[in-house]
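Chemist: Sharing a structure, written as structure tokens. Questions coming.
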Amino acid sequence: MSEVGFETLRAPQLEGFGNFADVLRDEAFWDSLGFSLRFGTLTAVLEVALGLFLAVFLAPILQRHAWLLAILTLPMMVAPAMMGLMYRLVLHEFVGPVPHYLLAWFGTSPAFLAPGNVFWTVVVIEVLQWTPFTLLLFHLAYGSISGEIREAARMDGAKGWWMFRRVEFPMMLPTFGVALAIRFIDGVRVFDNIYVLTGAGAGGSTMSLPIYIYTSFFRGGNIGAALAASVLFALASFLILALAWRFAQRRPA
Amino acid sequence: MTALRWAVLILFAFLVNAPVIATLATSLKPPGEIMGNPGSG
């Protein structure tokens, strides 16, 4: 970095798509892209499913005691990097309370940050931190369904699961789509909590695309390749989002 | 059913706030004990 001067900006020598070709030939790029897509998809689906279930199941309590939402949404107030540090302490092999009590109660404790387990560990951490967000969205959507609509459905004989499946869920479908999209975007671009918790993980096992770009740029000094990867990431994100919103518009609200 | 709802709520609140609770518990320990064994107990 220190050898890059303004002369470079003044008289650039372009090499076309050479950096892009280098990135596309790099196996680590495809591994990190695969990790980001798997992580984003899995966490988005789990968070939305869990948030929807909890919002509906806990609705009778949360509508009467709204202050409980403050406790449930507390993890959202913690910066993701700080959350990574907290879990680093909580899951630490020698001093962490979770391995300590698992060992004391069951005589064994898994190595949460070992290569075989680390993917699921970071998935669970992300789900635990951000399910309160989807819970909050669904709680508001569920509460905003008009009582008259429910009453009319009841008069037609709707109740329980049928009421949810045919009346309430279709009315929450736009919220469902928005929650899924927001959580997918956040999952794909995940950086700070994973980087703080595991670095890139053993053998790059938790290297998301943003971590790949960061390490290429700052650790490897491959600035051109890192920026080419950033451009590819932006293009891929645009394509995925354009398809998602187009699909969402076709769905009846 | 109400009891089950409260149980799920408390379990969920505990799970999502576990690192916050662990941090709070550790912050109440004297420095010597934190250096010795920050997580357990």
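Chemist: I'd like to check one number: the per residue accessible area of chain A, probe 1.4 Å, reported in Å² as a whole number. Don't jump to the answer; show the numbers that get you there.
Modeler: Values: 14640 Å² over 253 residues.
For chain A, the per-residue accessible area is 58 Å².
Chemist: While we're here: Counting partner chain Cβ atoms within 10 Å of every residue's Cβ in A:67-74, what's the average?
Modeler: Details: counts 0, 3, 0, 0, 8, 5, 1, 4.
Shielding by partners across A:67-74 averages 3.
Chemist: Contour minus end-to-end for residue A:101 and residue A:234, with contour as 0.36 nm per residue of separation and end-to-end as the Cα-Cα distance?
Modeler: 43.5 nm
Chemist: Only Lys, Arg, Asp and Glu count, each charged at its Cβ (+1, +1, -1, -1), so figure out the dipole size of chain A about its Cα centre, rounded to 20 debye. Mind showing how you got there, number by number?
Modeler: Working: 16 positive and 16 negative charges, 185 e Å.
So the dipole magnitude of chain A works out to roughly 880 debye.
Chemist: Which residues make up the longest stretch of chain A clear of chymotrypsin sites (Phe, Trp or Tyr not before Pro) that lie in a DSSP loop with no more than 12 other Cβ atoms within 10 Å, not counting the sites?
Modeler: After excluding every exposed loop site, the longest remaining stretch is A:95-253.
Chemist: Residues of A:75-85, mean number of Cβ from any other protein chain within 10 Å of their own Cβ, rounded to a whole number? The partial results should precede the final answer.
Modeler: Working: counts 6, 1, 1, 4, 0, 0, 0, 2, 2, 1, 2.
Counting other chains' Cβ atoms within 10 Å and averaging over A:75-85 gives 2.
Chemist: Hey, can you find the accessible area per residue of chain B for me, probe 1.4 Å, expressed in square angstrom?
Modeler: Working: 2500 Å² over 41 residues.
Accessible area per residue: 61 Å².
Chemist: On to the next question. What's the FRET efficiency of residue A:171 with residue A:151 using the Cβ-Cβ distance as r and R₀ = 22 Å, to the nearest 0.05? Walk me through the intermediate numbers first.
Modeler: Working: r = 14 Å, r/R0 = 0.64.
The value I calculate is 0.95.
Chemist: Can you list the residues in the stretch A:88-107 whose accessible area drops by at least 10 Å² when all protein chains are present, compared with the chain alone? Use a 1.4 Å probe, heavy atoms only.
Modeler: Going by heavy-atom accessible area, the residues of the stretch A:88-107 that drop by at least 10 Å² are A:89, A:90, A:95, A:97, A:100, A:101.
Chemist: Would you compute, from DSSP H runs of 4+ residues alone, the mean residue ellipticity of the protein assembly as shown at 222 nm, taking -39500 (n - 2.57) per run and dividing by the full residue count, rounded to the nearest 500?
Modeler: The per-residue figure over the protein assembly as shown is -22000 deg cm²/dmol.
Chemist: Okay, moving on. Evaluate the distance, in nm, between pseudo-label points positioned 7 Å from the Cα of residue A:248 and of residue A:57 along their respective Cα→Cβ axes.
Modeler: For the pair residue A:248/residue A:57, the computed spacing is 2.7 nm.
Chemist: Once ligands and nucleic acids are excluded and a 1.4 Å probe is used, how much of residue B:8 is accessible, expressed in Å² to the nearest 10?
Modeler: Surface open to solvent at residue B:8 totals about 40 Å².
Chemist: To continue, here is another question. Quick one: dipole size for the stretch A:1-146, taken about the Cα centre, charges +1 on Lys/Arg Cβ and -1 on Asp/Glu Cβ, in debye to the nearest 20.
Modeler: Dipole size: approximately 720 debye.
Chemist: Two-decimal Rg/Rh of chain B from alpha-carbon positions, Kirkwood Rh? Write down the numbers at each step before the final one.
Modeler: Values: Rg = 14.5 Å, Rh = 11.8 Å.
Ratio of gyration radius to Kirkwood radius for chain B: 1.23.
Chemist: Also: Among A:194, A:223, A:185, which one shows the highest mean-square fluctuation when chain A is modelled as a Gaussian network with alpha-carbon springs under 10 Å?
Modeler: Sorting by GNM fluctuation, first place goes to A:223.
Chemist: Expressed as an acute angle from 0 to 90° and rounded to the nearest 10, what is the orientation of the C-alpha long axis of helix A:223-250 relative to the principal long axis of chain A?
Modeler: Helix A:223-250 and the main axis of chain A meet at about 20 degrees.
Chemist: Rounded to a whole number, what % of the accessible area of the protein assembly as shown do carbon and sulfur atoms account for, probe 1.4 Å?
Modeler: Values: 11770 of 17130 Å².
Carbon-and-sulfur percentage of accessible area, whole number: 69.
Chemist: What is the ratio of the Cα radius of gyration of the stretch A:18-250 to 2.2 N^0.38 Å, where N is its residue count, to two decimals? Walk me through the numbers on the way to the answer.
Modeler: Details: Rg = 21.0 Å, N = 233, 2.2 N^0.38 = 17.5 Å.
Relative to the 2.2 N^0.38 Å estimate, the stretch A:18-250 comes out at 1.20.
Chemist: Give me the net charge for the shell around residue A:204: Cβ to Cβ below 10 angstrom, other residues only, Lys and Arg +1, Asp and Glu -1.
Modeler: Working: positive: none; negative: A:27, A:31.
Charge balance near residue A:204 sits at -2.
Chemist: Can you compute the equivalent ellipsoid semi-axes for the stretch A:5-146, i.e. the square root of 5 times each eigenvalue of the Cα gyration tensor, sorted largest first and rounded to whole Å?
Modeler: Working from the Cα gyration tensor, I get semi-axes of 38, 26, 16 Å.
Chemist: With a 1.4 Å probe, what is the total accessible area buried between chains A and B, in Å² rounded to the nearest 100?
Modeler: 2100
The values are calculated or read from the model by the stated rules, or taken from the named source; none is laboratory data. Because the structure is a prediction, the values reported are computed rather than measured. Note: ideal-geometry Cβ built from the backbone for every residue, glycine included; neighbour counts use all protein chains shown. Quick note on the areas: whole protein, heavy atoms, side chains included, nothing else; ligands and nucleic acids left out. Shrake-Rupley method; radii C 1.70, N 1.55, O 1.52, S 1.80 Å.
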